[in-house]
Every structure is written in C-alpha cells, then in structure tokens.
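Visitor: Quick one: this structure, given as structure tokens, is what I'll be asking you about.
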Amino acid sequence: MHEIPRSYVDDVFAARLDGAAVREAPGAPATTLRVVGTPHARNSTPDRRYDAGRGYRPVGAAGLPNYGERCVGNASCVPICPVQAKYTPLKTQAAWDRRRVRLLTHAVVSRVLADGNGRALGVEYQEYEDPAAPVATTRTAEADVVVLAAHAVENARLLLVSRLAGHSDQVGRNLMDHPVLLGWGLAGHPVGPFRGPASTSGLESFRTGPARRERAPFRIEISNWGWGWPTGSPGSDVARLLGIGADSAQPRGKGVFGARLRAALGEQIGRQVSVQFLMEQEAEERNRVTVDPRHRDRLGNPRPVITYDLSDRVKRGMAAARTVSGEIFRLLGAEDRTAYAPGPLSPGHFRFEGRGFTFNGAGHGGGTHIMGASRGTSVVDAWQRCWDHPNLYAVGCGSMPSMGTSNPSLTMAALALRSSERIHRDLTESHRPAAVGPPAAAAPHGRKEGRA
Ligand code: SF4
C-alpha cells in the first residue's frame, strides 16, 4: 500500500520546524527537529507495483477476502474505525473454519490448570447468561497447548491466581506504559485539525542521544485532532460556548447560538495544535500487578491490583519535554495554552523540581511476563512460552522487557506471528503418530550411516 499521506497539520509543523534547533534545558546541546511520517497498521491506497501486482486487490473485488476499506481520514479512529481500515479481530474470525473453531462468549477464564509436572492441562472458566447477575456455571476446557492472550494485566493476573510460571518471581512485575505528557497551543491561523487518523507524523530526535543517560528518551507525536485529548475538544468547546461547560466563561445558559456559535467554533477549533510526548519507561520491579483475595469481581475472581509510579528518570524526561513543548509552540508562532492543574480529575499530577506536571497513560501496558534468556530471570522464552510450562504460552506486550518510545502494537503483532508458528509446530508434533516397529538391523562394521 502507499503510505498514509501527511495531514495539513503535519505540513504546518514541517514548514516551521524542519531544520530548527531547540534546547531541552539552558546550556544543553541543540537538537535539530524534523517531521517524520509514522508507520501505520491501517489500510491505505493499494499499490499496483507491489509484488508484481499479485498482491493488488481493488476495493470490493469479488471472491477475495474482505480486509476492510481504505482509510478515508474522517478522524474517528478512537474507539472504532467505521470502514474497518484498521485491524479488527472480526476480520480474523471471518476467516475461521467454523467446524474447527468455536468462540465462547459470556465466558471468563478463572484459572489455568496444570499437572504436577508443570504441564498445562487446560483452563477453568465461568459461563454466565446475564452480565448483570453474578451467577455462573464453572466448566473446564482441556487443551494440548494453552495460550494466554489477554494483554499485560490479565495475563499476569491469570498466571498469579493459577500459581504458575513463578520460578523467576517476575510474573506481574516490571509493569510499563508510555507515560504521556501533553502540550497544547493556539496557532495564529487555521491549521485544519480533526482530519485524518489521530496522528500521521512525529518528531523523533529525542529518542536517541547522550541525554538518555540522565533522562527518559521520548518521541513526539503531532496530533491531528486539536485539543481532543487535553481538553475534550470539540465537545468541550461547544459546551463552553453554549454556556454549559464546566470551564465556561459565559453565564450558565447564556451562551452563543446559531451563526455566532458556528463562527466561534470555526475560529477557535480550527487553530488548535497539540503534541504528545511518549516517554520510555524503564522496567521497575516495584511497578506491578498483584492479586489480593479481598478484592474480587462479580464472579468472585480476584481483581488485578496495580502498583504504579514514575521514576525520577521519567520525570526528568518530562521536564525536558515541557521545555521542548514551549520551544515548538514558539517556532509555530502559537500561544502556549498548556496548563497542568491538580485536582481529583487529575490523578497523574505531580510536582518535580519546583514545577507541576500531569501525565496520562497511553494504554500501552507491557512487561508483566518478560521475555528473557534464562528461567531464573524471566517468565517466557523467545517464543513467548513459559519457561516453567512447556505447553503454556503468554503472548502480547507483557513479554516485552523494555518498551522503547514507540507504540508497541507492530512489535506485538510480529511476536504473535512468530509465536503462532511455534505453536503450530508444537501441535503438529503432539499429534504426529508414533512409529512403532522392530529395531533396525545393525549396520555392517565400518559402514557410515546415511541421513534420513
Ligand atoms: S481516520 Fe481512522 S477511523 Fe477514519 S477511516 Fe482512517 S483509520 Fe478509519
């Protein structure tokens, strides 16, 4: 496919920022900025030249699997893409052989079952009818291979409640995310936000360099969606102008309406710019998922209990990012409107070196069943197979021993494909008929055996 085109917002940033040098602190070395396109896992325009045309499929071609339409850039990716240009499991499920694959819904796995030798036997699960009623029937499903694919928090929770994979004492530990610092400003002219996917470009210069020794590295995502994340635009702007928003300057109910409202929205929303700083968070054993029998869900299963904080290294990264954010808005000629206020709706607020910051989670949880080279220090091997259990896999971002600065989805997808090859091999091996026959005749003395 062709690359997803740059947004107009990206072009505005590139025109002002490409080649400009900024300092993350007074006296720090200058870093040169450049707007770079971001890899995407969404369908774009098919490219006839790819694979000598064999992979080319016009949209809607008959007799071919439907991989979804191409991205039309209508800015509603979160939570769902209406034309299915992004991946959705429904596409995979549509390709299943229904005679061989059965999907159980209204069922929650409560425990992984294993024998005394560490071999996984299957799972225990609870099947319920009514999501509002805590009534369930406990059943078991037997398996040759068990694959936990419930993401970082739930995979760890299931291993912990099942008391499995615990030799290294690393299950649930090293919980990481991409703590995000937001910066937002008001440009002096329209920049055309709310068109295209959430982000199509970023600034990558702060991912590397010697400053990493002192502070967390970060990448900078250029948002195509104005102040959508930091302030809830455009809904919050409408509410404010109508005089019904929490931060409305208008007397309640005395807002502007009709043509004046449309003009005000166009004038203000059309100038919104924002950037997101995604920090690399290091693996720390104290950041972890545990279970506590005092905290249970409606079906009686222990809930995950999360212990999570930022290291000073990450906070130093945010301090540098805040300075870079101000420099970016200065170069754009935008008014910096960033404000980090403490309060009950701001759980990520903290003070560091005399300044206030608010961080957000990115939802990129990882690290809770880390991959490694030895059973003593990690939970899964290079195939995402639990060291302690030869037929139990824990797949997903939980296997990542570090997060880097980028979204983990594409790496996670690559790991999943790699694991699926290994799982397929395991299953083929376990179902291979055993050949039983008389022992082969001994080879004559001095004759070399051939290889079969
Ligand atoms: S912008 Fe997002 S929601 Fe819209 S078509 Fe593209 S991928 Fe789908």
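The values are calculated or read from the model by the stated rules, or taken from the named source; none is laboratory data. Quick caveat, the model's predicted, so the values are computed rather than measured. No Cβ is skipped: glycine too gets one built from the backbone with ideal geometry, and neighbour counts run over all protein chains shown. Note: areas computed on protein heavy atoms with side chains; ligands, DNA, RNA excluded. Shrake-Rupley method; radii C 1.70, N 1.55, O 1.52, S 1.80 Å.
Visitor: What's the FRET efficiency of residue 267 with residue 18 using the Cβ-Cβ distance as r and R₀ = 22 Å, to the nearest 0.05?
Guide: 0.20
Visitor: Normalised by the residues of the chain, what does the relative contact order come to in percent, with Cα pairs under 8 Å and at least six apart?
Guide: Computed over the chain, the figure is 19 percent.
Visitor: Convex hull over the alpha-carbon atoms of region 162-228: what's its volume per residue in Å³?
Guide: It comes to 174 Å³ per residue, whole-number rounded.
Visitor: In nm, to one decimal, how far is the modelled label at residue 94 from the one at residue 346, with both set 7 Å along Cα→Cβ?
Guide: With each label placed 7 Å out from Cα toward Cβ, I get 4.5 nm.
Visitor: Roughly speaking, what is the stretch gain from residue 259 to residue 167, that is 0.36 nm per residue apart minus the C-alpha to C-alpha distance, in nm to one decimal?
Guide: Using 0.36 nm per residue and subtracting the Cα-Cα distance, I get 26.4 nm.
Visitor: Additional query: How far apart, in nanometres, would the label points at residue 375 and residue 409 be if each is projected 7 angstrom from Cα along the Cα-to-Cβ direction?
Guide: The two pseudo-label positions are separated by 3.8 nm.
Visitor: Using 0.36 nm per residue of separation minus the Cα-Cα distance, give me the extension gain between residue 8 and residue 51 in nm, one decimal.
Guide: 12.4 nm
Visitor: For the chain, just say rounded, prolate or oblate: build the C-alpha gyration tensor, square-root its eigenvalues into a ≥ b ≥ c, call rounded for a/c under 1.5, and beyond that prolate if a/b exceeds b/c, oblate if not.
Guide: The shape class here is prolate.
Visitor: Cα gyration tensor of region 273-312, axes a ≥ b ≥ c as square roots of the eigenvalues: rounded (a/c below 1.5), prolate (a/b > b/c) or oblate?
Guide: oblate
Visitor: Moving on. At 1.4 Å probe size, what's the solvent-accessible area of residue 86? Round to the nearest 10 Å².
Guide: Here the accessible area works out near 50 Å².
Visitor: Follow-up question, since we're still on this one. Grab the Cα-Cα distance for residue 142 and residue 428, subtract it from 0.36 nm times how many residues apart they are, and report the gain in nm with one decimal.
Guide: Separation in residues times 0.36 nm, less the Cα-Cα distance, equals 101.2 nm.
Visitor: On a C-alpha basis, how far is the centre of region 1-50 from the centre of region 91-110 in Å? Whole number, if you could?
Guide: So the two Cα centres are separated by 40 Å.
Visitor: Under the rule a/c < 1.5 gives rounded, and otherwise a/b versus b/c splits prolate from oblate, where does region 261-331 land using the Cα gyration tensor?
Guide: oblate
Visitor: I've got another one for you. Restricting the count to DSSP beta bridges whose residues both fall in the chain, what percent are antiparallel, rounded to a multiple of 5?
Guide: 95 percent
Visitor: Let me ask another. Which order do 352, 357, 257, 194 take by accessible area at a 1.4 Å probe, largest first?
Guide: Sorted by accessible area, descending: 257, 194, 352, 357.
Visitor: How about region 258-343: which GluC sites (Glu not before Pro) there are in a DSSP loop, with at most 14 other Cβ atoms within 10 Å of their Cβ?
Guide: 285
Visitor: Below 8 Å between Cα atoms, with a sequence gap of 6+, how large is the relative contact order for region 211-348 in percent?
Guide: 26 percent
Visitor: State to the nearest 20 debye the size of the charge dipole of the chain about its Cα centre, where the only charges are +1 on K and R beta carbons and -1 on D and E beta carbons.
Guide: My answer is approximately 500 debye.
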